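Participant: The structure that follows is given in the form of structure tokens.
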Amino acid sequence: MNLEVLLANYPYFVAVIIFGVGTLIVLTQPNLIKKVIGLNIMTNAIFLFFIALGNIRGGEAPIVDPAAPAALYINPLPSALILTGIVVGFSTTAFAMALIVKLYYFYGTINAPEFMKMR
Amino acid sequence: MHDYITRVVFRYVLLFILMYGFYIVMHGHLSPGGGFAGGMVLGLGVLLYFLIYGLRWRDKLRFLPLDIAILTIGLGSIVEGVKFLLPHKHGPVGAPGELFSAGIISVVNLGIGLLVASTILSIFYLIVEDKK
Amino acid sequence: MLPWSKLPFLLILAGLIPAFTMPVFARWKRNFCAPYAVIVSGLLFSISLSLFVKVLNGGALHLHVGGWAPPWGIEIVIEPLSGMMAVLITGLYFLISIYSYSAVRKEMNEEAQGWFYVEFLLCMTAMLGLVITNDLFNMYVFIEVVSLSACALVVSKGGRIAVEASLKYLILATIGSGFILFGIGILYMITGHLNMSFAGAVLAGNAAGYPYLLWAAMSFFVVGFGVKSALFPLHLWLPDAHASAPSPSSAVLSALVVKVYIIALFKLFFIVFGLELYQESYIRWLILILASMAMMFGSFFAFVQLELKRRLAYSTVAQIGYIYLGIGLGTPWSVTAAFFHLVVHALMKTCLFFCAGAIYYQTGRKKVTQLAGIGSIMPLTAAAFTVAAFSMVGVPLTGGFISKFMLAQGSIEAEYPYFIILIVISGLLNALYYFPILWQVYFTSPPAQGENNDEPHHAQINESGFRWDQIPLSMKIPIAVTALGIIALGVAGIFAYDYLQRIVEFFLC
């Protein structure tokens, strides 16, 4: 793999790196809120990946104006899918937050190792 | 939050937040955005209001917009079927690119915006008030 | 009258609408919730039976959602595999909802009872949708709904252990679905289709052009679905979640939720990637190695657990290994064995969790060490537990024997006969942790009064005299039906072979 390929496809590599960072945060951070933030970073990296693969260089936003049709439109399907993905991520975050609040009432802390000890 | 500056500043900002939310909702068929994004802005604006001025919503009214939005959108889509997504079957289509065009889409977007806004608010309430 | 061709849509709608009207009953009349769930799952069971009859002789029903043709619209396909899974899901749900009528009242506080059924029906609907859909992104959405509602099923009992288990499950499941979404993205990038059949057709011609990307996509799918279906090193969430959930939830989670992801992974591998690509890639060996480890270590871990439901949960980890082993070998016999084991294990685990719940209902006991003398006060439960445990071990005339036999056949057919040794050893390990329970249940006398103080007060065993179980009829019937089902599959299971052969024909030929 040469450098040109990498530079031409840089959004994908950025998405993969951010995905790794998010996963690392989820798996290593002891604080539960930080874990949830890591989940959000991870899912947002995937959304970035989808939007990058829908993009076409030189294309316009896919809003058709009959008076002046553009020669090239970008692919709107990944963006539409990602809207669903965002909603799913939102509901997951809300659910996780509700559970963390419950845990805070039980243990008085949101640090995972601390209440592992308390059990 | 009993800070005087936030209260006074927010009193003027709230209108702009709500107007921006409605703008995104109503232009859903013309530009990026739409029911979900605009509803998010609307809901967060109202949420800021509650954070600053305290919880003042009556218990019974809390789920009312949620119920209304779910009823209209859910039942509407079930009754209408596929036709629900085709604007030219409902009302005037108008010229493309104008605000009042695309038949029922604006109405649907408004309903989705209400739904999202009230969902955010009810999630916030359920997390805040449950102290068991 | 509804046209017959629209019936599969009803499979989703008839579960979704009751799930979202359930809060009305939860607030208004709490006692109506359970009968409502029974009626809904019974209705869905009859619908899926009629669909099952249609695909009984092979062939498939193709339906287009909203009338849009497949490359653009969402397609629903009822092929023999989805027909079988739909019948399994709705049938077990029918039994579990009957069982839950009493169990939920015993194990949950009053407020949660109505809301439990919302998640219960939502989970069923999403599983049905996941099984019958043929669209990649639609599959992702259903996967998310299944995992969110499964987390809610775990937490429905309340208490800090359940909340902790649910949060762990939620975080790991979200990581899993992130990996799955990434894999779907890569597939969409390569093929430009979201429909599985079309993506597979494009991939069949052009697979040689993208070797690394395809490996990446396959490993993303294996990790994602592996987390969700508790493949061995990724099973960490499972024991906590299954042990702390109320027993109807445990039955749902252990018997169905875990299996549905395996079905989705199987469909992805054999519709999209195709058999050739699957057998060439190293992913197959990864699955085989992890499955072998699951069969061994799952049993070892189960052996040291003292809580009954935790032991059953680790046993699930081991049994998932059998199914993955069958799919990993990838020959007609082994895939047949995998699906037969999937059905049998769903019945067995449901029966075992029912028994655990019944023992808790009558005596309030949860530990394996406290089960002495259960055989004389709960004969029906003990008998059903015995049948299911024998089936786990693989005693002839039960369903477990036939699936293990088929799996051995499959490993010979795939020319890796040393997997037979693994299957036998794993069966013996199963015996090692199920037979002590049976020994306790039948052949030891209950401890004298006051000997162990942690025993609940109402749980004193009347030593003299034999009597039937003191559990309500709504618990006895599902226990008996699942136990009889295991025996029926063991005696007449070879007749199911014809049907399973059609599944294999559909995917492997």
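Every read-out reported here was derived from the displayed coordinates using simple, explicitly stated rules and does not represent laboratory data. Being a predicted model, the structure only gives us computed values, none of them experimental. Neighbour counts are summed over all protein chains in view; Cβ atoms, including those assigned to glycine, are modelled from backbone coordinates with ideal geometry.
Participant: Divide by every residue of chain C the summed helix terms, -39500 (n - 2.57) for each DSSP H run of at least 4, and state the resulting mean residue ellipticity at 222 nm, rounded to the nearest 500 deg cm²/dmol. Present the calculation step by step, with values, prior to reporting the outcome.
Facilitator: On the way: 21 runs with 373 residues, N = 509.
Mean residue ellipticity at 222 nm (helix-derived): -25000 deg cm²/dmol.
Participant: Shifting gears a bit: Tell me, what is the percent relative contact order of chain C, built from C-alpha pairs under 8 Å that lie six or more residues apart?
Facilitator: Dividing the mean separation by the residue count of chain C yields 15 percent.
Participant: Counting only residues 5 or more places away or on other chains, whose amide H sits under 5 Å from the amide H of A:Y73 once H atoms are built in the peptide plane?
Facilitator: Close amide H contacts, sequence-distant or interchain: A:E60.
Participant: How many times 2.2 N^0.38 Å is the alpha carbon radius of gyration of chain C?
Facilitator: 0.94
Participant: Starting from the amide H of C:E307, placed 1.01 Å from N in the peptide plane, find each other amide H under 5 Å away whose residue is 5 or more places distant or on another chain.
Facilitator: When sequence neighbours closer than 5 places are left aside, the close amide H contacts are C:V368.
Participant: Follow-up. Need one value for C:180-189: mean number of C-beta atoms belonging to other chains within 10 Å of its residues' C-beta atoms.
Facilitator: Partner-chain Cβ atoms within 10 Å, mean over residues of C:180-189: 5.
Participant: If I take every Cα pair under 8 Å that is 6 or more residues apart in the range C:17-135, average their sequence separation and divide by the length, what percent do I get for the relative contact order?
Facilitator: Here the relative contact order equals 39 percent.
Participant: Find the relative contact order for chain A and round it to a whole percent, using C-alpha pairs within less than 8 Å whose residues are 6+ positions apart.
Facilitator: 24 percent
Participant: What is the fewest-to-most order of A:Y104, C:Y101 by other Cβ atoms lying within 10 Å of their Cβ? Provide the component values of the computation, followed by the final result.
Facilitator: Working: A:Y104 14, C:Y101 20.
With the fewest neighbours first, A:Y104, C:Y101 line up as A:Y104, C:Y101.
Participant: Ordered by residue, what ³J(HN,Hα) values in Hz, to whole numbers, does the range C:230-245 give under the Karplus form 6.51 cos²θ - 1.76 cosθ + 1.60, where θ = phi - 60° and Gly and Pro are x?
Facilitator: With coefficients 6.51, -1.76 and 1.60, one gets 6, 5, 3, x, 9, 8, 4, 6, 5, x, 4, 5, 6, 7, 8, 6 Hz.
Participant: Taking the Cα atoms of the range C:248-319, report the difference between the largest and smallest coordinate on each principal axis, in whole Å and largest first.
Facilitator: Projected onto its principal axes, the Cα set of the range C:248-319 covers 45, 26, 9 Å.
Participant: Another question about this same structure. Quick check on my link table: of C:K106/C:K404; C:K54/C:K228; C:K106/C:K367; C:K168/C:K349; C:K228/C:K349, which ones sit more than 27 Å apart, alpha carbon to alpha carbon?
Facilitator: Over 27 Å Cα-Cα: C:K106/C:K404; C:K54/C:K228.
Participant: Nearest 10 degrees is fine. How inclined is helix A:32-54 to the longest principal axis of chain A, computing both from alpha carbons?
Facilitator: 10 degrees
Participant: Could you point to the residue in A:G54, C:A37, C:G274 farthest towards the positive end of the protein assembly as shown's charge dipole, with +1 and -1 charges on the Cβ of Lys/Arg and Asp/Glu respectively?
Facilitator: Final value for the positive-end residue is C:A37.
Participant: Which shape class applies to chain A: rounded if a/c is under 1.5, otherwise prolate when a/b exceeds b/c and oblate if not, where a ≥ b ≥ c are the square roots of the Cα gyration tensor eigenvalues?
Facilitator: oblate
Participant: Another one. Quick one: Karplus J couplings for the range B:19-34, per residue in order, coefficients 6.51, -1.76, 1.60, θ = phi - 60°, nearest Hz, x for Gly and Pro?
Facilitator: Once rounded to whole Hz, the list reads 5, 4, x, 5, 4, 5, 4, 6, 9, x, 8, 10, 9, x, x, x.
Participant: Nearest 10 degrees is fine. How inclined is helix C:419-443 to the longest principal axis of chain C, computing both from alpha carbons?
Facilitator: 20 degrees
Participant: Okay, next question. Residue by residue, what Karplus-based ³J(HN,Hα) values in Hz, rounded to whole numbers, does the range C:141-146 have, using 6.51, -1.76 and 1.60 with θ = phi - 60° and x for Gly and Pro?
Facilitator: 4, 5, 4, 5, 5, 4
Participant: At a 10 angstrom cut-off on C-beta neighbours, averaged per residue, how do the peptides A:73-82, C:120-129, C:330-339, C:35-44 rank from highest to lowest? Working shown, then result.
Facilitator: Details: A:73-82: 17.5, C:120-129: 26.7, C:330-339: 23.6, C:35-44: 20.4.
The packing order, highest mean first, is C:120-129, C:330-339, C:35-44, A:73-82.
Participant: Shifting gears a bit: Give the percent of DSSP beta bridges with both residues in the protein assembly as shown that are antiparallel, rounded to the nearest 5.
Facilitator: 90 percent
Participant: Now a separate question. Could you give the angle, 0 to 90 degrees to the nearest 10, between helix C:160-191's Cα long axis and the longest principal axis of the Cα atoms of chain C?
Facilitator: Approximately 10 degrees, to the nearest ten.
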